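Notes for the one structure printed next.
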Amino acid sequence: MGDSGDQGLIGKIGPIGGKGDKGYTGLPGLAGGKGKTGSFCDCGRYRKVVGQMDVNVARLKSSLKFVKNVIAGIRETDEKFYYIVKEERNYRDALTQCRIRGGTLAMPKDQATNTLIADYILDMGLFRVFIGINDIEKEKQFMYTDNTPLQIYSSWRDGEPNDASGYEDCVEMLSTGVWNDVECHLTIYFVCEFLKTKT
Ligand code: GN1
Ligand code: CA
Ligand code: CA
């Protein structure tokens with residue numbers, strides 16, 4: 001028994017398709033040789049084993065969901081996992097920490113992703129986290145950490161980015177989902193993203 005209406009393996013070994021049209025009668029064949037010693041499929045037993053596997057897979061999925069969402073507290077979309085690291089780091093070290101874990105700082109590139117991260121920050125009872133956007137290379141040319149420039153989508157708070165102090169080149173997201181440029185040496189929590197591997 002799988003989740004989301006999935007029939008599971010036991011369903012997949014059931015009868016296949018309906019009957020086709022009757023074919024033409026063939027020519028008489030040659031006489032066959034001596035057959036091998038007979039054996040028979042103990043299908044009932046195999047069905048039971050496969051059925052038990054389905055139950056175990058469902059249990060594992062359920063445990064994994066609990067560990068991911070409750071214990072680790074991660075968020076996910078079809079393509080990516082998001083994880084808020086509750087360690088205060090400056091932007092550079094935050095990026096390194098995400099990379100060490102096999103990801104990068106989160107790069108909200110659309111409203112849906114931005115909202116998911118914002119809700120995550122809020123649910124964790126936090127106020128601000130670093131995200132993977134900066135204008136370190138060239139002032140006012142904000143880039144994602146994958147070296148692509150900001151596209152049409154952005155979520156700047158009113159009046160931001162303002163480069164207050166003259167060297168605010170890194171970006172934080174607040175729990176309301178708005179972005180603000182801040183100094184890169186600020187040490188705050190941060191949110192990483194990880195690409196799901198397609199199987
Ligand atoms: C904060 O605290 P203040 O006003 O100097 C913020 C800036 C914002 C500004 C908006 C470290 O600066 O990035 O642009 O508010 N700096 C920090 O009013 O949060
Ligand atoms: Ca700047
Ligand atoms: Ca600012």
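The values are calculated or read from the model by the stated rules, or taken from the named source; none is laboratory data. Everything quoted here is computed from the prediction, not taken from an experiment. We place every Cβ from the backbone using ideal geometry, glycine too, and count neighbours over all the protein chains shown. Heavy atoms of the whole protein, side chains included, go into the accessibility calculation; ligands, DNA and RNA do not. Shrake-Rupley method; radii C 1.70, N 1.55, O 1.52, S 1.80 Å.
Which number in (1) under 19 Å from Q97 (Cα atoms); (2) within 14 Å of ligand 1 (Cβ to nearest atom); (3) buried (at least 18 other Cβ atoms within 10 Å of the Cβ) marks the one condition that F190 misses?
(2)
Somewhere in region 132-152, is a residue assigned to a strand (DSSP E or B), closer than 20 Å to K80 by Cα and either among the polar types (S, T, N, Q) or within 16 Å of ligand 1 (Cβ to nearest atom) (or both)?
Yes; the residues of region 132-152 include at least one that is assigned to a strand (DSSP E or B), closer than 20 Å to K80 by Cα and either among the polar types (S, T, N, Q) or within 16 Å of ligand 1 (Cβ to nearest atom) (or both).
Give me a count of the residues in region 124-144 that are within 14 Å of ligand 2 (Cβ to nearest atom) and among the aromatic types (F, W, Y).
The number of residues fulfilling the criteria is 1.
When you look at T113, is it polar (S, T, N, Q) and surrounded by 15 or more Cβ atoms within 10 Å (Cβ to Cβ), yes or no?
So T113 passes the test.
Determine, yes or no, whether V67 is in a helix (DSSP H, G or I) and under 16 Å from the mean Cα position of the chain (by Cα).
yes
Only residues that are open to solvent by 10 Å² or more (accessible area, probe 1.4 Å) and either near ligand 1 (Cβ under 7 Å from one of its atoms) or at positive phi (or both): list them for region 156-181, please.
Answer for region 156-181, where residues must be open to solvent by 10 Å² or more (accessible area, probe 1.4 Å) and either near ligand 1 (Cβ under 7 Å from one of its atoms) or at positive phi (or both): G159, E160, N162, D163, A164, S165, G166, E168, N180.
So which of I100, I136 ends up being within 16 Å of ligand 3 (Cβ to nearest atom), at pLDDT 95 or above and open to solvent by 70 Å² or more (accessible area, probe 1.4 Å)?
Being within 16 Å of ligand 3 (Cβ to nearest atom), at pLDDT 95 or above and open to solvent by 70 Å² or more (accessible area, probe 1.4 Å) holds for just one of I100, I136, which is I136.
In region 160-199, what residues are part of a loop (DSSP other than H, G, I, E, B) and within 14 Å of ligand 2 (Cβ to nearest atom)?
E160, P161, N162, D163, Y167, E168, D169, E183, C184, H185, L186
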